[in-house]
Amino acid sequence: MTALLERVAKAASTTAFGLSAAAVAFFLFAAAIVVGFLFWQTNNLLTHQVLGVLTAEARILSSEMKVGGRAKLAETVGAMSRLQGTGLYYLADDSGAKIAGNLNRIPPELTNDPHGGVFSYQPAGDNAPHLAVAIPVNLGADVRLIVGRDIEDQRAFADSIRWAFLVGFGVLSIAGLLGGLAVSRLILNRMDAITSTSRSIMDGDLARRIPMSGRGGELDALAQNLNQMLDRIEGLMSGLREVSDNIAHDLKTPLNRLRNAAEAALRDPRGGEAYREGLERTIERADELIKTFNALLLIARLEAGPLEESIETFDLGRFVEDVAELYSPATEEAGFALSIEAEKGVFVRANRQLIGQAVANLIDNAIKYSRGGEPGSAITVRAYRDNSTPAISVGDHGPGIAPENRERALKRFVRLEASRTLPGTGLGLSLVAAVARLHHGEVRLEDNFPGLKVVVLLSPKCLVAAPGADDSDVAAGIAAQ
Amino acid sequence: MTSSSSSVNHTAGLSRRPAAGPLNRESREGQDQNNAMRVLVIEDDKETAQFLQKSLKENGHTADLAADGEAGLSLASDGTYDVLIVDRMLPHLDGLSVIKSLRAQGDRTPALILSALGEVDDRVKGLRAGGDDYLTKPYAYSELLARVEALGRRTAPEEQQTRYAVGDLVLDRLSHRVTRGGEHILLQPREYRLLEYLMQHAGQVVTRTMLLEHVWDYHFDPQTNVIDVHVSRLRAKIDKNFDKPLLHTVRGAGYTIRDGPA
């Protein structure tokens, strides 16, 4: 019993219940005004009708008095009193003695009232007193006449209406409140599920999800959104965990090397010359660390959201060709045949510097991870339009990445074992992936038969027709080429 | 303005050609000693500020220090400095506001922004605020010095020359012709721009990053040293068949083109 009371009390304290109670109260208030007005109007109408009849009767009786005097009046009143109806009469002389009529006395409510009014009387055939309306008729000093009407029927009618409304209001409010309780109970159950899920998530169980009813509707949409948000948070959290693990490895190792180099120089018996070498090596190591750090920060920044300030419109093909050409002497020296296939006129609105960084990283990776100077050592850089998707690809004929390792290779800091010994931050490909994501695109690692082909797809939304007239700087830039 | 305008250009699109650079006075050779600059360092980190002051002094310049934005702004408003080095995050008044206030007063003293924020957007914001160059912490001092000297020695664009000469090497900006000792040298467009930038800064050290930013308009890390190969190809064309080398490598810093010992 107490459990039920508690549940009711809990339901009653909810917003849903409060809202339905407020709605019921408001509805009742409005209904009461309407009903009250109707009641008042009806009452007025009936009263006017009765008063009209009484006034007409009074006029007839006073003309009787004028024509036939008091005797004639008494006769008429007597006749009318005997009729079975609702008419009530009382005729008395100036001393107050009753002459004719079906009322026994002047109703005490009316004795002092010159305008008449409502009174109750005891009719002959009924036990309960009836309600009536009467007006006095002024017929001179020696006669007192009161004409009235029994309004018990109207009163009963009004009473029944009042009852009907009271019962109706009662039923309405109870039904409304019960409905409110039921609705709030329903919502509460769902909310309880959400609350308990979020509590266990707060306690550290990030894998929990909010159950869905499967019926659709707003609550399911809310649950779905919350679940998606939780997925994202879980992804970010595990990303963070992974990153901090990898930072520990990939930053601490060079830090340790830096420290070792400095210590070794200090211990070196050669002194001055060794110190210089040691310091130079320290600076080199510090620069490597800074590079790793910068790449890490850049990835973090790219994943945090768009960089609006530095979006430009440019010809992707021309730009990629340009960046590749920057590398062409370096690739040639490393023993690669560099071929550039850039489709011109693919204009995009994108972050030019970041796209450049991505292309640079890909070419740099191709040089680093595949062997130059052998027959067939070639790097192919392409920029093209795949339907409406601007795309860049860099392919090499090196060892490639096994299909099962490809997804992992795109993650931050991941360096596949084979490459651990090579210089680099291990962030090159993840940065490329982050740049692609920033442009709502993706990175695909494909087989280059043999070797690796990295395809960067930008979102088709990046594609623009051609620089417009408003981009006069761009037009000038092209003209200057 | 020069460096700023070229940097702003890159944000606008494809214009990869750097805006016309600073003037090269032909009489510059060997003038380093008498080309001391007055530098104002607005930096709240005392150790960094003192390091800069000491290092700039060793390079023949004088440096005043201001530890916060307000002090920096009032010192800089005197207008007697050749270059301002402004840290971006400062107490009281941040670096960008200092530069904005100065520019609003009509003060065009070249400003190098130093910042721990090195992202693409931050650089663009810095240059839009009126900065002339942007260097991300941590930096190599040689990089900072080269940039400060490049800023301090430039002149108004209208004073720029149409012809640069270093020794017997001549670059004519109207005809795009390069000659050495009267002999025509055929350069690729990129090699021409590389030489043009080096000659604009004749006698000064130009770092690899400066070349990447101004000749290629790339503000990203190329990962490997791609500039050296381009410079050595240029060197092969302008120096190889001549007795006296003009294009020198400055160890640990970059390159310089000058008639005389490196």
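The values are calculated or read from the model by the stated rules, or taken from the named source; none is laboratory data. Just so we're clear, the structure is a prediction, and the values are computed from it rather than from any experiment. Note that we place each Cβ from the backbone using ideal geometry, even for glycine, and neighbour counts take in every protein chain shown.
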* of a type in the set (A, V, I, L, M, F, W, C), more than 14 Å from chain B (Cβ to nearest Cβ), touching a Ser or Thr at 6+ places or on another chain (Cβ under 8 Å) and farther than 14 Å from A:Val320 by Cβ, is that true of A:Ala402? -> no
* Please work out which one of (1) buried (at least 20 other Cβ atoms within 10 Å of the Cβ); (2) within 14 Å of another protein chain (Cβ to nearest Cβ); (3) touching a Lys or Arg at 6+ places or on another chain (Cβ under 8 Å) is the condition B:Arg173 fails and give its number. => (1)
* Does A:Gly317 fit the bill of being closer than 21 Å to A:Thr389 by Cα, more than 10 Å from chain B (Cβ to nearest Cβ) and outside any loop (DSSP other than H, G, I, E, B)? -> yes
* Structure fact -> Within region B:186-220, restricting to residues that are touching a residue at least 60 places away in the same chain (Cβ under 8 Å) and acidic (Asp, Glu), the one that is farthest from the other protein chains (Cβ to nearest Cβ) is B:Glu196
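This table checks each residue for (1) touching a strand residue (DSSP E or B) at 6+ places or on another chain (Cβ under 6 Å); (2) surrounded by 22 or more Cβ atoms within 10 Å (Cβ to Cβ); (3) at pLDDT 90 or above.
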position: A:Glu343; (1), (2), (3): yes, no, yes
position: A:Ala350; (1), (2), (3): no, yes, yes
position: A:Tyr369; (1), (2), (3): no, no, no
position: A:Val381; (1), (2), (3): yes, yes, yes
position: A:Tyr384; (1), (2), (3): yes, no, yes
* Starting from region A:133-159, keep only residues that are acidic (Asp, Glu), then list their pairs with residues that are outside any strand (DSSP E or B) whose Cβ atoms are within a distance under 8 Å, requiring at least 6 positions of separation or different chains. => A:Asp142/A:Arg70; A:Asp142/A:Asp94; A:Asp150/A:Thr86; A:Asp150/A:Pro123; A:Asp153/A:Thr86
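Quickly run through region A:394-413 and pick out the residues that are touching a helix residue (DSSP H, G or I) at 6+ places or on another chain (Cβ under 8 Å) and either at pLDDT 70 or above or surrounded by fewer than 18 Cβ atoms within 10 Å (Cβ to Cβ) (or both). Explain how you work it out, then say what you get.
Here is the first cut: in region A:394-413, the ones touching a helix residue (DSSP H, G or I) at 6+ places or on another chain (Cβ under 8 Å) are A:394-396, A:398-399, A:401, A:409-413.
A:Val394, A:Gly395, A:Asp396, A:Gly398, A:Pro399, A:Ile401, A:Ala409, A:Leu410, A:Lys411 - these are the residues of region A:394-413 that are touching a helix residue (DSSP H, G or I) at 6+ places or on another chain (Cβ under 8 Å) and either at pLDDT 70 or above or surrounded by fewer than 18 Cβ atoms within 10 Å (Cβ to Cβ) (or both).
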* Asked: Which residues, taken from region A:282-314, are within 7 Å of chain B (Cβ to nearest Cβ) and more than 26 Å from B:Val231 (Cα to Cα)?
  -> A:Asn294, A:Leu298, A:Arg301, A:Leu307, A:Glu309, A:Ser310, A:Glu312, A:Thr313, A:Phe314
* Asked: Given the residues A:Ser244, A:Ser238, A:Ser200, which is the only one that is modelled with pLDDT of 85 or more and over 28 Å from A:Ala22 (Cβ atoms)?
  -> A:Ser200
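Which of the following residues is away from chain B (no Cβ under 11 Å), in contact with a Ser or Thr (Cβ under 7 Å, 6 or more places away or on another chain), more than 25 Å from A:Thr389 (Cβ to Cβ) and not in a loop (DSSP other than H, G, I, E, B): A:Ala330, A:Ala262? Before you say what the answer is, go through the steps one by one.
Values: A:Ala330 fails: away from chain B (no Cβ under 11 Å).
After ruling out the rest, the residue left standing is A:Ala262.
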* To do: Go through (1) within 12 Å of the chain's Cα centre (by Cα); (2) buried (at least 22 other Cβ atoms within 10 Å of the Cβ); (3) farther than 29 Å from A:Val359 by Cβ and name the single condition B:Ala146 misses.
  => (3)
* To do: Just one of (1) modelled with pLDDT of 85 or more; (2) exposed (fewer than 14 other Cβ atoms within 10 Å of the Cβ) trips up B:Ala156, so point out which.
  => (1)
* To do: Can you confirm whether region B:167-185 contains a residue that is free of Cβ contacts under 8 Å to residues at least 24 places away in the same chain, β-branched (Val, Ile, Thr) and in contact with a Phe, Trp or Tyr (Cβ under 9 Å, 6 or more places away or on another chain)?
  => yes
* To do: Mind telling me which of the residues A:Leu298, A:Leu240, A:Leu255 ends up being within 30 Å of B:Asp122 (Cα to Cα) and either among the charged types (D, E, K, R) or crowded, with 16+ Cβ neighbours inside 10 Å (or both)?
  => A:Leu298
* Name the pairs whose Cβ atoms lie under 9 Å apart, with the first residue in region A:335-349 and of a type in the set (A, V, I, L, M, F, W, C), the second loosely packed, with under 14 Cβ neighbours inside 10 Å, and 6 or more positions between them or separate chains? -> A:Phe336/A:Gly373; A:Ala337/A:Gly376; A:Leu338/A:Glu332; A:Phe347/A:Ala465; A:Phe347/A:Ala466
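Please go through region B:221-262 and pick out each residue that is in contact (Cβ under 8 Å) with a residue 24 or more places away in the chain and within 14 Å of chain A (Cβ to nearest Cβ).
Looking only at region B:221-262, we keep the residues that are in contact (Cβ under 8 Å) with a residue 24 or more places away in the chain, and these are B:230-231, B:233-234, B:237-238, B:242, B:244, B:246-247, B:250, B:252-260.
The answer is B:His230, B:Val231, B:Arg233, B:Leu234, B:Lys237, B:Gly252, B:Ala253.
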